[in-house]
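Reviewing the structure listed below.
The values are calculated or read from the model by the stated rules, or taken from the named source; none is laboratory data. Quick caveat, the model's predicted, so the values are computed rather than measured. Because the Cβ atoms are built from the backbone with ideal geometry, glycine has one as well, and the counts that use them run over all protein chains shown. Remember, those area values only see protein heavy atoms, side chains included, never the ligands or the DNA or RNA. Shrake-Rupley method; radii C 1.70, N 1.55, O 1.52, S 1.80 Å.
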Amino acid sequence: MDELRQQHQAEIRSTAGVLVHADQAPGPCPSCDGPMRVRKTVEHGGVTLEHGRFQVRETVHVCAAGCLQPGVEGRPGRAVIKRQDAVAELLLPRSTVGYDVMTFVGVERFVHYRQREEIRATLERQYGIVLSLGELSALSRRFLVYLEALHVARSGALRRALEQDGGWPLHIDATGEDGQGTLFVAYAGWRGWALGAWKIPTERADAMLPKLRTVATRFGPPCAVMRDLGKAVIEAARDFVAGWERPIPVLGCHMHFAKDVGKDLLGASHDELRELFRRFKIRPLLGGLARDLGRHLGPDIGQARKSVADWLAREDERGLLPEGQAGLAVVRALGQWVLDYPDDGSDAGFPFDRPFLNLYRRCLRACRAAESLLRKPCADRRVSQALGRLHRMIEPVRSAAPFQGPARTLEMRARLFDELRDALRLQVKRPSNLAAAPADTPPQLAELRDVKRAVDELQVSLRGRRPERGPAQDLREAIDLILDHFVRHGPSLWGHVVALPPEAGGGIRLVQRTNVLLESFFHEIKHGERRRSGRKVLTQDFEQLPAAAVLAHNLTHPDYVTILCDSLANLPHACAQLDMT
C-alpha cells in the first residue's frame, strides 16, 4: 500500500504545473435558452488531491442576450456566466483549491479533530500539497458552509428516513464553557443524528423556540421531546408542542431529575462539610506529613512498600507497629489512604458521589486505627512521634462540634437520595441502550414498568415515614423536598412508550429515559476539541467554534452519509453540485 501511495505521489509531482485547456462548448443560456458567447479566457492555477498542482486555461462564456442573475436587496444582478464544467467540478468558486482538498481539511479538522499543523503535514506527505495555516483555517470554515447547505438540501430525504423509523424523538440541550459559547442542539435520538445546531446568547425560551420550529419544518414533528429540567427549556418545549394535531409527549430526563433532587437535598450540608475541612486544613496537613515521611524513606521507598504489605498480611494479635523505616512507611500509608478518599466514589460527580463525606468516613477510621496503635507504644521514638502527629491532624473530625452535625445530616439525606437513585435504576457512567434498538422486547418494557412501580412505592414509603411533629425537623424537610420535586416534575417522568404507525410496521418503541445520549455527544465534541487545542478550558474555543461543526459528527454515521452524498469519497462531488445548480 505504501509503495502504491509513493508511486501515486511521484506521478502527481511529475505533472505539477502542466497546462490544461478547458474550452468546451457551453450550450444554451440557463435563463433564456439563447446562445452564449465567449466573455474571456483566463489562465489560473489549481490544486486537487487527485491531480496535484496544475495550470488551466479556462474559457468563460456569457449570455449573448445579456441575461442577468437575480439581484439581492434591490441591487441589479450580475450577468449570467458559465464556467467550464470540468473546472467547476474540481475547483471552488473564486479559488484555486479543489473541493476534495476542502473536504479533506474539513473532515480532518471537525471529525478527527486534527490540528492545523497535523493536517498541513499530512497534505504535504501524502499528496505533495503545501498550504498555509491561514488557508487551512479558511477551508475548514468553508467546509462547514457546504456541509450545512448539503444538510438542508437533503432534508427531504433525511425526513423520509426518519419517517420510515416511525418517527423520531427530539433530544434538546445546550452546552458551553464557563457560560460562554452557548451551543443549542436538536438531536434525533433513535438515529443519533444532529438535526440542527445554533449559537444562542444564553438559554432562553425565546431563543430556543424558533430553532425548534425550524427543525420541525424541515424534518416533521417529533414523536416525543426529551429535555432537561431547566426553566427555559421546559417553557420552550411546552410552547413547541402546543398546537400540533397529534399530541407530542414532553419527557423530563431521569438523570437530571435525580441530579436536581440530589443537589437540593445534599448541597448545603456537603458544602458545610467541605468548608470545615478547609478551615482545619486537614488535607494540606496530611499531604505535608506524607511528603516528609517520603523524604525520610528516600530511595528505600520500594522496600518500605513491601514492609507495609508484609505487616498488613501478618497475623499479630498485639498489633504493634514495626520499628525503623517500616514503621514510618506504615504511618505514611495510613495518611495516604485518607488522602485517597476519591477512590470511594464512582467518578460520577456530585451528588452521586459525596467526596467530603467519604473523606469524613476515612478520617474516622484512620483516627480509630491510630488510637489503637498508640495504646501499644512502639520502641522507635520516630515512629511514635509520626503516628501522634497523624492523630492530631485528624482527631478534630471526630469531635461533636463542628463536624458531626453536618456529617450526620448528610448521612441521613444521602440514604434518602440513594433510595431515589435505586428506584430510578440510574447507571451514571454507562448510558442506557434503550434508544439503540426497537424497544418492544419484554425485558426493556419490564424494566420501565419496574422503575415506575419502584418510584410509586418510594413516594408512598416517604409519605408514611414523614414525621408530622417532633424533633425530626430535618428528616421532615428532606422528605418534603423530594415529594415536592415529584409534584413539579412527576408528569414528565413517564410516557416513553411510542406507538409506531402501520406504515412503519406498527408495534411500539421506547424513548430513552435520560438525555445521556446528548450529554455523551457533547462530551465527545469537547474531548475532541481539547485534544486538538491542548486546552482544558474551552471558553475561547467554543466562542469561535461554528455551530455547524456539530453536523460534522453526523459523518461518522454511515446511514446519514449514504443519504447526504452516498459515501465520503463522493462528498466533494456533492459539494460541487451545490454550486453548479
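Observations on the structure shown:
- Residue within region 72-84 that is at pLDDT 75 or above, surrounded by 14 or more Cβ atoms within 10 Å (Cβ to Cβ), of a type in the set (A, V, I, L, M, F, W, C) and under 21 Å from Leu136 (Cα atoms) present: no
- Lone unmet requirement of (1) exposed (fewer than 14 other Cβ atoms within 10 Å of the Cβ); (2) within 28 Å of Met255 (Cα to Cα); (3) of a type in the set (A, V, I, L, M, F, W, C) for Leu538: (1)
- Residue in region 453-460 that is under 21 Å from Ile248 (Cα atoms) and touching a Phe, Trp or Tyr at 6+ places or on another chain (Cβ under 7 Å) present: no
- For region 196-212, the set of residues classified as open to solvent by 20 Å² or more (accessible area, probe 1.4 Å) and either part of a strand (DSSP E or B) or more than 24 Å from Trp494 (Cα to Cα) (or both) consists of Trp198, Lys199, Pro201, Thr202, Glu203, Arg204, Asp206, Pro210, Lys211, listed by residue number.
- Unmet criterion (only one of (1) buried (at least 19 other Cβ atoms within 10 Å of the Cβ); (2) touching a Leu at 6+ places or on another chain (Cβ under 7 Å); (3) at pLDDT below 95) for Pro431: (1)
- Taking the conditions (1) outside any loop (DSSP other than H, G, I, E, B); (2) surrounded by 18 or more Cβ atoms within 10 Å (Cβ to Cβ); (3) not aliphatic (A, V, I, L, M) in turn, Lys526 satisfies each one other than (2).
- Restricting attention to region 163-178 and to residues that are open to solvent by less than 40 Å² (accessible area, probe 1.4 Å), in contact with a helix residue (DSSP H, G or I) (Cβ under 6 Å, 6 or more places away or on another chain) and outside any strand (DSSP E or B), the residue that is modelled with the highest pLDDT turns out to be Trp168.
- Test: His151 is touching a residue at least 60 places away in the same chain (Cβ under 8 Å), closer than 30 Å to Lys263 by Cβ and open to solvent by less than 40 Å² (accessible area, probe 1.4 Å): no
- Residue check, Val20 out of contact with any Asp or Glu (no Cβ under 7 Å at 6 or more places or on another chain), part of a strand (DSSP E or B), modelled with pLDDT of 75 or more and surrounded by 12 or more Cβ atoms within 10 Å (Cβ to Cβ): no
- Residues located in region 101-142, provided they are open to solvent by less than 30 Å² (accessible area, probe 1.4 Å), part of a helix (DSSP H, G or I) and touching a residue at least 60 places away in the same chain (Cβ under 8 Å): Met102, Thr103, Gly106, Val107, Phe110
- Residue check: Pro471 meets all listed conditions (1) in contact (Cβ under 8 Å) with a residue 40 or more places away in the chain; (2) open to solvent by 60 Å² or more (accessible area, probe 1.4 Å); (3) not in a helix (DSSP H, G or I) but one, namely (1).
- Taking region 478-510 as the range and being closer than 24 Å to Lys263 by Cα, open to solvent by 50 Å² or more (accessible area, probe 1.4 Å) and not in a loop (DSSP other than H, G, I, E, B) as the test, the residues that pass are Asp480, Asp484, Val487, Arg488, Pro491.
- Members of region 217-239 that are open to solvent by 10 Å² or more (accessible area, probe 1.4 Å), not in a loop (DSSP other than H, G, I, E, B) and not β-branched (Val, Ile, Thr): Arg218, Arg227, Lys231, Ala232, Glu235, Arg238, Asp239
- Filter pass, Gly181 being assigned to a loop (DSSP other than H, G, I, E, B), in contact (Cβ under 8 Å) with a residue 12 or more places away in the chain and at positive phi: no
- Residue identified as among the charged types (D, E, K, R), over 30 Å from Tyr146 (Cβ atoms) and crowded, with 18+ Cβ neighbours inside 10 Å among Arg513, Arg463: Arg513
- Lone unmet requirement of (1) open to solvent by less than 70 Å² (accessible area, probe 1.4 Å); (2) in contact (Cβ under 8 Å) with a residue 24 or more places away in the chain; (3) under 41 Å from the mean Cα position of the chain (by Cα) for Asp380: (3)
- Options Glu419, Glu395: the member that is open to solvent by 60 Å² or more (accessible area, probe 1.4 Å), closer than 25 Å to Ala333 by Cβ and either part of a helix (DSSP H, G or I) or of a type outside the set (A, V, I, L, M) (or both): Glu395
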